[in-house]
Amino acid sequence: MRRFFLIVLVLFVCVPAGAQLLPGKRTKALEQENKTLRHKLDSLKSLVDSLLTVETEVVPEEIAGQGDNVPAGAMQAMDYTPEVTDSLLALWYKNNFGRGTDMQAFNMDTVHLSSSVSDTVMMSRLAALNPYFTLPFNDVVKNYMVLYSERRGEAMKQAMGLSTYYFPIFEEIFCKYGIPLELKYLAIVESMLKPTATSRAGAKGIWQFMYRTARSYGLEINSFVDERMDVEKSTDAAARYLKSLYKMLGDWPLAVSAYNCGAGNVNKAIRRAGGSRDFWSVYPYLPHETRGYLPAFVGVMYAFAYSSDYGLEAASVGMPGQTDTFHVHRNLHFKQISEVVGVPLQELQYLNPKYYNDIIPGSGGVCTVNVPYNWSAAWLAADQDSLYNHNAKLYLSDQVLKDVSEGKSSGSGGSGARTVYVVRSGDTLSHIARRYHVSIRQLMNWNHMRSDRLSIGQKIYIY
């Protein structure tokens, strides 16, 4: 209660005398000041409301430095000071964008993973899941059940932590399209819930869309924006894609397999299986890399359902929900925001991965930008003309925009330095992209290519 009165006192202290309408002030300045004050008051009111519902008090200093060991309940109770917010966001970035620590590779075609849990228990557990659809227990499914529940512990704990933020988003969208909620586990098989995950084949985002499929489902991909890394838009596209695959194939296990290899490959496997639509009849005829896809999905679902039996607890991953979203109506560079508003450049990049050249193309239509909530007041207080005009000739010159549109700038701080690669026998664009850690799309843009065909001796320019 003492804390409540202190914050009420802050409400009065934080309102300066200048908040009153003084005759000499310009209308524009007053409107901006009132807008800023209203935002501060709303933020403080939210803090007061949250404190009234908190039964236990947690002192931020006692939590600082605990890192991954901060209890999830403590996260909800602490004050979101700028220091605490920065710490939480740093933890969120680490879990979202860091590399896994225990993703040991297994040849699932030859390995036979053993478990201290008997086959009888695993079989009964799998049957008890009673999802919208399931698979019978066999050696292939068992291998993946053991893999995700016992052999990838740290990665699964991290995925479980991230799922507390992402799964509600998935479930809301899946309900909208009337598809099984269990399909949310596919995102873990695809990307371990990493919104910037990129495969060697060029698939991107939390749902690992290839370029053509993403474009066909309305995701914008150009030199400035890649909406495959926009979680909500890519999830909406994934839901529509899965629903269309089910309508085409009439079976969810086959639709899930088609998500990985395409409906054409699944239909080809069905024909080779004599027209059977039973997954295990079709299984031998699926592409090699797709055969384990559905069993992996079941393995993830099993590991989540019985996590407590395997000592898997969701890791603390920070509080990404503590952000504000603002509309941008003109071209704006992350560095302009960072230098005028003060938001660290790295935070802008991590919260807005779809703008992979650090430029928000607001002149082409209204765009949104996510900002840590502790910088919201500074954003509102900043003069918008000053924000858009700040170093615009440096960051948004015609040459810079031309270079980006032609693919000559890759990510933040692209120097434009050029490497020339001469194509040799056996080379593919995918091979060259992996070698130089760029995307196939970038290679095609840089070299004005309309197809991925290469000829021996051809020069490929890499920036």
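Quick check on the stretch 149-160. Is at least one of its residues among the aliphatic types (A, V, I, L, M) and crowded, with 22+ Cβ neighbours inside 10 Å? Explain how you work it out, then say what you get.
Just the residues of the stretch 149-160 that are among the aliphatic types (A, V, I, L, M), to begin with: 155-156, 159-160.
Restricting the remaining residues to those that are crowded, with 22+ Cβ neighbours inside 10 Å gives 156, 159.
Checked the stretch 149-160: at least one residue is among the aliphatic types (A, V, I, L, M) and crowded, with 22+ Cβ neighbours inside 10 Å.
The single condition from (1) within 30 Å of residue 462 (Cβ to Cβ); (2) of a type outside the set (D, E, K, R); (3) loosely packed, with under 15 Cβ neighbours inside 10 Å; (4) in contact with a strand residue (DSSP E or B) (Cβ under 8 Å, 6 or more places away or on another chain) that residue 332 fails is (3). Scan the stretch 280-297 for residues that are buried (at least 23 other Cβ atoms within 10 Å of the Cβ) and outside any helix (DSSP H, G or I) and the total you get is 1.
Among residues of the stretch 164-182 that are within 23 Å of residue 253 (Cβ to Cβ) and not assigned by TED's automatic domain parsing to the domain that holds residue 295, none has a Cβ under 8 angstrom from a residue that is surrounded by fewer than 15 Cβ atoms within 10 Å (Cβ to Cβ) and among the hydroxyl-bearing types (Ser, Thr, Tyr) at a sequence gap of 6+ or on a separate chain. Residues in the stretch 212-240 that are surrounded by fewer than 19 Cβ atoms within 10 Å (Cβ to Cβ), more than 14 Å from the chain's Cα centre (by Cα) and not in a loop (DSSP other than H, G, I, E, B): 6 in all.
Only one entry in 371, 300, 343 is within 23 Å of the chain's Cα centre (by Cα), of a type outside the set (Asp, Glu) and in a helix (DSSP H, G or I), namely 300.
For residue 317, are the conditions met, namely being of a type in the set (Val, Ile, Thr), in contact with a Gly (Cβ under 9 Å, 6 or more places away or on another chain) and buried (at least 23 other Cβ atoms within 10 Å of the Cβ)? The answer is yes for residue 317. Select from the stretch 353-371 the residues that are out of contact with any Gly (no Cβ under 7 Å at 6 or more places or on another chain) and either closer than 21 Å to residue 386 by Cβ or among the aromatic types (Phe, Trp, Tyr) (or both) and list them in ascending order. Hits for the stretch 353-371 are 355, 358, 359, 360, 361, 362, 363, 366, 367, 368, 369, 371.
Only residues that are of a type outside the set (A, V, I, L, M, F, W, C) and in contact with a Leu (Cβ under 7 Å, 6 or more places away or on another chain): list them for the stretch 150-179, please.
Our first condition is that a residue be of a type outside the set (A, V, I, L, M, F, W, C); within the stretch 150-179, this holds for 150-154, 157-158, 161, 163-166, 168, 171-172, 176-178.
Result: 151, 153, 157, 163, 166, 171.
Candidates in the stretch 413-435 are the residues that are in contact with a strand residue (DSSP E or B) (Cβ under 7 Å, 6 or more places away or on another chain) and either of a type in the set (D, E, K, R) or within 11 Å of residue 462 (Cβ to Cβ) (or both); of these, the one that is modelled with the lowest pLDDT is 418. The set of residues in the stretch 433-443 that are surrounded by fewer than 18 Cβ atoms within 10 Å (Cβ to Cβ), assigned to a helix (DSSP H, G or I) and free of Cβ contacts under 8 Å to residues at least 40 places away in the same chain comprises 435, 436.
The values are calculated or read from the model by the stated rules, or taken from the named source; none is laboratory data. From a predicted model like this one, the values you see are computed outputs, not experimental measurements. Virtual Cβ from ideal backbone geometry, glycine too; neighbours counted across all protein chains shown.
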